[in-house]
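The values are calculated or read from the model by the stated rules, or taken from the named source; none is laboratory data. As the structure is a prediction and not an experimental result, all values here were calculated from the model. Every residue, glycine among them, receives a Cβ derived from its backbone with ideal geometry; neighbour counts consider all protein chains shown.
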Amino acid sequence: MEIAIWTFVFLLMLVGLVGCVLPLLPGTTLILAAVLLQKGLLPDTLTGLAVGGIAAFWLASVLADLGCTLVGTKMLGGGKWGMAGATGGALAGMFFSLPGLLLGTLLGAFVGEKWGARKTDEAALRAGAGAALGFLVSGVAKLACAGAMIAIYALSALGAADRVAAGGG
């Protein structure tokens, strides 16, 4: 049973890594869920400090996800219509790889600002570029947080294995 838990946790973390790039999957949330599942089912395999550190990086990834796209869009003149359009464009673009995802975000924000906020082509294009840039920065930040979460997990799990091998429990 223990091997099944480790395998499921590993697969959940792998899907979480993919989710850091795809907008439909909650990337770092899946990684946190995997850690909490393992801590609940195999409590001696992870320290509380490791779980706390992983949770802190999860929070940082959520804030980065919200903040980067919002700041990118706002910084270049976009608003709520641009954000809504960027979200729809990202969802449509995710089926066409990373370039499609970025282009979908840009075009979605452009259409949202152009039709919803009645902005000029130039202003709508700037907002779209800001949304795409923010989305890209947010993805890098989420991947960095996911990497840190997995590193903390691995170090804690390896430390637990060392403690068990040394007879410390």
Exercise for review: List every residue pair whose Cβ atoms lie under 7 Å apart, where the two residues are 6 or more positions apart in sequence or sit on different chains, the first residue falls within region 139-152 and is over 9 Å from Ala60 (Cβ atoms), and the second residue, located anywhere, is modelled with pLDDT under 95 and surrounded by fewer than 18 Cβ atoms within 10 Å (Cβ to Cβ).
Suggested key: Gly139/Val21
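Let's see how each residue does on (1) among the polar types (S, T, N, Q); (2) over 30 Å from Ala124 (Cβ atoms):
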| position | (1), (2) |
| --- | --- |
| Thr47 | yes, yes |
| Gly77 | no, no |
| Thr87 | yes, no |
| Ala92 | no, no |
Exercise for review: Tell me, please, whether a residue that is surrounded by 21 or more Cβ atoms within 10 Å (Cβ to Cβ) and modelled with pLDDT under 80 can be found in region 101-111.
Suggested key: yes
Review point. Are any residues in region 44-78 charged (D, E, K, R) and either at pLDDT 90 or above or within 22 Å of the chain's Cα centre (by Cα) (or both), and if so, which ones?
Key: Asp65, Lys74
Exercise for review: Need at least 2 residues that are farther than 30 Å from Ile5 by Cα, without any contact (Cβ under 8 Å) to a residue 12 or more places away in the chain and small (Gly, Ala, Ser) per element, so show me which helices (runs of 4 or more DSSP H) inside region 27-132 make the cut, counting only ones lying wholly within it.
Suggested key: 97-111
Exercise for review: Only residues that are surrounded by fewer than 19 Cβ atoms within 10 Å (Cβ to Cβ) and not hydroxyl-bearing (Ser, Thr, Tyr): list them for region 112-128, please.
Suggested key: Trp115, Gly116, Ala117, Arg118, Asp121, Glu122, Ala123
Review point. Can you find even one residue in region 7-17 that is among the β-branched types (Val, Ile, Thr), surrounded by fewer than 14 Cβ atoms within 10 Å (Cβ to Cβ) and under 25 Å from Ser97 (Cα atoms)?
Key: no
